[in-house]
Amino acid sequence: RFFVSSLSDVTVVKFHPNSNYLFIGSSDHKIRMHDIESAKMVRTFCGHIDSVTALDVSHCGKFLVSGSKDRSVILWDIETSRVLAKYAGHTATVYSVSFSFFSTIICSS
């Protein structure tokens, strides 16, 4: 199955823990959430100002964290696609983001 997310380059992908959804980050600064069964886009996450380079989904499936070439890390509410927190401080592109098992800690590099 193919997912046409945007005309921009796909830079990172991540499955939701329930495997019903796929998150696609791209060079157009957006993250798109696709339903695997229907192959339709169900939500868009906008908040970065450069390419999305890293994604992770919390084990509970409620939160998404993203990293970007804009050197920021954003914590999202998946259900509403709202920004819950934005972290700055990286001096270069964020290449990796990860939730701890209980989703109480986020690591980024």
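Every number here is computed from the coordinates shown, using simple stated rules; none is lab data. Computed from a predicted model, the values in this text were never measured in an experiment. Positions of Cβ are generated from backbone atoms using ideal geometry, with glycine treated the same way; all protein chains shown enter the neighbour counts.
Between PHE101 and MET41, what is 0.36 nm times their sequence separation minus the Cα-Cα distance? Round to one decimal in nm.
Between PHE101 and MET41, full extension yields an extra 18.9 nm.
The magnitude of the dipole of the chain, with charges of +1 and -1 set on the Cβ of Lys/Arg and Asp/Glu and taken from the Cα centre, is near 60 debye.
Within the set (i) 16, 52, 29, 3; (ii) 13, 32, 30, 19, 6, 0; (iii) 14, 49, 32, 5, 0, the number that P(r) over Cα pairs in 10 Å bins from 0, in percent takes when calculated for this structure is listed as (i). In sequence order, the range 102-109 has phi-based couplings of 8, 6, 9, 9, 10, 10, 9, 8 Hz under the Karplus curve 6.51 cos²θ - 1.76 cosθ + 1.60, θ = phi - 60°, and Gly or Pro positions carry x.
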